[in-house]
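The structure appears below as structure tokens.
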Amino acid sequence: MTTLKPIDVAIIGGGWTGLAMAKELVTRTSVNVLAIERGMPRTTADYAMDMDELDYAIRLRMMQNLAEETITHRHSLRDSAVPVRQYGSFHPGTGVGGSGEHWTGLCFRFLPDVFTLRTHMTEKHGAAHLPADLAVRDWGVTYEELEPQYWYTEQMMGVSGKAGNLRGKLIDGGNIFESPRSNEYPTPPLKYSYTSHLFEEASRKLGYHPYPTPAANLSENFTNPDGISRPGCAYCGHCSRFGCMIGAKAQPTNTLLPLLRKHKSFQLRTGSWVRRIVHENGRATGVQFTDANGEEFFQPAETVILASFTLNNVRLLYLSKIGTPYNPAEQKGSLGRNLTHQIQNAWRIFFDKPLNAFMGAGALGTRFSDFDGGNGLSGEDGPLRFGMVNCGSGGELPIASFGALPPGAAKANWGAEWKAASLKWSDRVSAVGIVAEHLPYRQNYMDLDPTYTDKFGDPLLRFTLDWTEHENKQRDFAYDLAAKIAPVMGAKIDTARPQRSRYNTTQYQSTHIQGGAPMGASPENSVVNPYLQHWDVPNLWVVGASSFPQSGSGNPTLTSLAVTYRAANAMIEKYLKHPGKLV
Amino acid sequence: MKRREFLTIPAGALGGTLLYTLAREPIRLQAQDGNIKVPLRFFTAGEARAIAAACERIFPSDASGPGAKEAGVVIYIDRQLAGPYGADKYRYTKGPFVESVPEHGYQGKENPRDVYRQGIAKLGINFDELPAEQQIQKLQSLEKTHFFQLLRTHTIEGMFSDPMHGGNVGLIGWQLVGFPGPRMSYRADIDQHFGTAFRPKPAGLEQIMKRPGKPWEDEKV
């Protein structure tokens, strides 16, 4: 193993949170920063040839290669886990920019009560009425404290949207149920597609409050406060699972990286797979990694920032033996607990008109939040928490969308009858979807698998995860809403009610795995403090969505960056001046 | 050295005028060309005929429009199996291999190449010579198998993926469903044409970018 020259700050992961930390550090301090990314380099120019559904959306070339590393899954403590051999219910990215390159661009703030959910739910429903296995908790940080970082993130990306709650003033046409905002969105909403119009009209008719989905796909040319200019979206319909070839979708490589490249105090090392955080006597001394040639290195560092995807953040802490593994039987320990996976479901709706649905932008669409969080829910027999109802126009591509048929249109899923029906219904299918909060439960957690290993022989991360009665109630509630909206939009919905289901690793849901290294006010049941500093190893910071004690209803990227920027502020304003425990 | 295998196709059977060779050179087909010989990278000629016939039953050429035969789906599948996907370079393939619940998906050890070779054995190498009814019955008997599910998925992929991958010859699949291909911008159209079909003339990546594309499958072979 070769020992490299010491560095001030080593960052593990070159995605949104890693590069966000790097950018704050190199622009505001004099420290030298090295970001270590296990994937390959990427720039906007690499995406010029990427409008290829097969390579990008089906073979998933921007995602981690499961042949090298995957996770294992079991439904309960009684089962033995098997590997997730192919994608998959989620799609973690790899390469510079990480999942922030292939993301869709949906940009939500979490509701204020998500940050104090234990307190809120106990007050609203009474402790006795909550599920016994519920593990919701307060984050140790409030929405009000995070609002400036949300705004900072939105400006960096140039998020497009329309405010519905500006400093407490409710504005029609925006989301009147949203967390209060200090400012209007940096750019106006994207143009509406046909189905966006239909969904907006229908939900308004039904008395709901539709609004344009906030999007990191720019609605117009925009220059952010860092001086980075990007063009408005072209609605080409290649966002989710693709990189944006014109840079209209905010990605780490078109917002943070161009700025970082100008600083000599920043280095990016790609193809280098961090395998351990090395530590002794409660201090991280650096990181050990293997490069693309298989050569091993030790990089000494004063401070280590763990900023990879949720899965790898948690796994590296386990492999490095940092923190106390969670024990679900005894309810002790903190590492690996509060695993959540945002609830996403959609039901196809069928029109008798063409939709031209190949046009679109990742986050283009309309939605309503009348039942977000605990809005309008008594919790008496339905769900305690819910989320948003939406109809999106992300761009339908021909392989994935072929063969979407209303029930009874064909007896088989191949052959002449199926082909004719599929052609008849092509471009006449949309979907009403929901995203909802996935509450944490004591039995859902991550640890290391006892059997299966990665390409180096290190144990894989193991998920123990299944749906509970609450998620089934959320799905029932969602289906009823979708079934109510579809006919008002002029469409027919699949009439089959959702079945009681178990967690399925083969059906894509969302890439929003959260928790495992949760933040909290006390080291008893959290891994990091509310500044994302590790409780046991104060020169180690674990940033991103692994720190969420529970999922919000909205997609987590904006919140992931907001808590990371708050960590950067604490590190720069307090920690670097007086290194030590901040709490 | 292994003898190179070719699939012989009457030029008129392919739907379009463009077909890509192994070197990704487009061949322009003329009606008088008669038969053309497509070099195969994975299948033997007999295997390719059997698979082509099965694809044609899954996505037939009939009154509702052209199908797998015209789109050259078997050529697409041949290229996929020859490349890293066929050898499972992106799937987790360490053991132990344990059968599990349906929620865990395919847990087998066999890669797509193995699955096809075993599947072709079940179809019979003379599958293409069977009468249509028997072909359909045979496929119905295999419907639940992993092989059939792969074959069905790959047939759809071969119909609708960019022609640089070997199928969708002459953009025939995209013409069938009215997909215009990868166009750079719909800025002027996204909020227009409500309720009426907007069908720009399809173009493939190579035509859009004005340079030959390179499929990912080719990169690490």
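Laid out as a table, the results:
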{"item": "Filter result (of a type in the set (A, V, I, L, M) and at the interface with chain A (Cβ under 10 Å from one of its Cβ atoms)) within the stretch B:197-217", "result": "B:Ala197, B:Leu205, B:Ile208, B:Met209"}
{"item": "Residue tally, condition facing chain B (nearest Cβ under 10 Å), part of a loop (DSSP other than H, G, I, E, B), of a type outside the set (A, V, I, L, M, F, W, C) and surrounded by 24 or more Cβ atoms within 10 Å (Cβ to Cβ), over the stretch A:184-214", "result": "1"}
{"item": "Test for A:Leu25: is it touching a strand residue (DSSP E or B) at 6+ places or on another chain (Cβ under 7 Å) and not hydroxyl-bearing (Ser, Thr, Tyr)", "result": "yes"}
{"item": "Enumeration of residues in the stretch A:115-142 that are part of a helix (DSSP H, G or I), more than 15 Å from A:Ala521 (Cα to Cα) and not basic (Lys, Arg)", "result": "A:His120, A:Met121, A:Thr122, A:Glu123, A:His125, A:Ala127, A:Ala128, A:His129"}
{"item": "Qualifying positions in the stretch B:165-221 - within 20 Å of A:Ala357 (Cβ to Cβ), touching a residue at least 24 places away in the same chain (Cβ under 8 Å) and basic (Lys, Arg)", "result": "B:Arg183"}
{"item": "Residues of the stretch A:406-428 that turn out to be in contact with a Ser or Thr (Cβ under 7 Å, 6 or more places away or on another chain), modelled with pLDDT of 95 or more and more than 8 Å from chain B (Cβ to nearest Cβ), as a count", "result": "0"}
{"item": "Inter-residue pairs, beta-carbon under 6 Å, first surrounded by fewer than 18 Cβ atoms within 10 Å (Cβ to Cβ) and in the stretch A:411-440, second in a loop (DSSP other than H, G, I, E, B), 6+ apart", "result": "A:Glu417/A:Ala410; A:Ala420/B:Ser64; A:Leu423/B:Ser64; A:Arg428/A:Phe351"}
{"item": "Filter pass, A:Asn217 being crowded, with 18+ Cβ neighbours inside 10 Å and assigned by TED's automatic domain parsing to the domain that holds A:Ser99", "result": "no"}
{"item": "Among the residues listed as B:Gly166, B:Gly178, B:Gly170, the single one being within 8 Å of another protein chain (Cβ to nearest Cβ) and at positive phi", "result": "B:Gly178"}
{"item": "Residues of the stretch A:46-99 classified as in a loop (DSSP other than H, G, I, E, B), of a type in the set (A, V, I, L, M) and modelled with pLDDT of 95 or more, total", "result": "8"}
{"item": "Residues being hydroxyl-bearing (Ser, Thr, Tyr) and part of a loop (DSSP other than H, G, I, E, B) - total across the stretch A:545-560", "result": "2"}
{"item": "Some residue of the stretch A:15-27 being out of contact with any Phe, Trp or Tyr (no Cβ under 8 Å at 6 or more places or on another chain), part of a loop (DSSP other than H, G, I, E, B) and either within 16 Å of A:Tyr575 (Cβ to Cβ) or in the same structural domain as A:Leu561 (by TED's automatic domain parsing) (or both)", "result": "no"}
{"item": "Evaluation of A:Asn338 against (1) crowded, with 21+ Cβ neighbours inside 10 Å; (2) at negative phi (one fails), failing number", "result": "(2)"}
{"item": "Selection count, the stretch A:493-510, where residues are at pLDDT 95 or above and in contact with a Phe, Trp or Tyr (Cβ under 7 Å, 6 or more places away or on another chain)", "result": "2"}
{"item": "Within the stretch A:64-95, considering residues that are touching a helix residue (DSSP H, G or I) at 6+ places or on another chain (Cβ under 8 Å) and more than 9 Å from chain B (Cβ to nearest Cβ), the one farthest from A:His341 (Cα to Cα)", "result": "A:Gly95"}
{"item": "Qualifying residue in the stretch A:396-405 (condition: in contact with a strand residue (DSSP E or B) (Cβ under 8 Å, 6 or more places away or on another chain), buried (at least 24 other Cβ atoms within 10 Å of the Cβ) and more than 8 Å from every other protein chain (Cβ to nearest Cβ))", "result": "no"}
{"item": "Residues of the stretch B:95-111 classified as within 11 Å of chain A (Cβ to nearest Cβ) and either farther than 29 Å from A:Phe90 by Cβ or touching a helix residue (DSSP H, G or I) at 6+ places or on another chain (Cβ under 8 Å) (or both), total", "result": "2"}
{"item": "Index of the failed condition, B:Val115 passing every other in (1) in contact with a Phe, Trp or Tyr (Cβ under 7 Å, 6 or more places away or on another chain); (2) of a type in the set (A, V, I, L, M); (3) more than 30 Å from A:Thr451 (Cα to Cα)", "result": "(3)"}
{"item": "Residue in the stretch A:290-306 that is under 24 Å from A:Ser553 (Cβ atoms) and in the same structural domain as A:Leu66 (by TED's automatic domain parsing) present", "result": "no"}
{"item": "Selection status of A:Asn221, closer than 26 Å to A:Gln149 by Cα, over 25 Å from the mean Cα position of the chain (by Cα) and of a type outside the set (Phe, Trp, Tyr)", "result": "yes"}
{"item": "Output for the stretch A:475-531, where each listed residue is within 14 Å of chain B (Cβ to nearest Cβ) and free of Cβ contacts under 8 Å to residues at least 12 places away in the same chain", "result": "A:Gln499"}
{"item": "Candidates A:Lys321, A:Lys353 - the one that is surrounded by fewer than 23 Cβ atoms within 10 Å (Cβ to Cβ), within 23 Å of A:Ile513 (Cβ to Cβ) and of a type outside the set (Gly, Ala, Ser)", "result": "A:Lys321"}
{"item": "Residue match in the stretch B:101-117 (condition: aromatic (Phe, Trp, Tyr), part of a helix (DSSP H, G or I) and out of contact with any Cys (no Cβ under 9 Å at 6 or more places or on another chain))", "result": "yes"}
{"item": "Selection count, the stretch A:274-331, where residues are touching a helix residue (DSSP H, G or I) at 6+ places or on another chain (Cβ under 7 Å) and assigned to a helix (DSSP H, G or I)", "result": "3"}
{"item": "Test: residue in the stretch A:13-30 that is at positive phi, more than 9 Å from every other protein chain (Cβ to nearest Cβ) and crowded, with 23+ Cβ neighbours inside 10 Å", "result": "yes"}
{"item": "Test result for A:Asn525, surrounded by fewer than 21 Cβ atoms within 10 Å (Cβ to Cβ) and more than 20 Å from A:Thr27 (Cα to Cα)", "result": "yes"}
{"item": "Test set (1) crowded, with 21+ Cβ neighbours inside 10 Å; (2) within 13 Å of another protein chain (Cβ to nearest Cβ) - B:Phe127 fails condition number", "result": "(2)"}
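Yes/no per residue for (1) buried (at least 24 other Cβ atoms within 10 Å of the Cβ); (2) closer than 29 Å to B:Pro163 by Cβ:
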residue: A:Ala35; (1), (2): yes, no
residue: A:Ala45; (1), (2): no, yes
residue: A:Asp52; (1), (2): yes, yes
residue: A:Asn65; (1), (2): no, yes
residue: A:Thr70; (1), (2): yes, no
residue: A:Ser76; (1), (2): no, no
residue: A:Ala81; (1), (2): no, no
residue: A:Gly88; (1), (2): no, yes
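The values are calculated or read from the model by the stated rules, or taken from the named source; none is laboratory data. Since the model is a prediction, treat every value here as computed from it, not as a measurement. Glycine also receives a Cβ, built like all others from the backbone with ideal geometry; neighbour counts cover every protein chain displayed.
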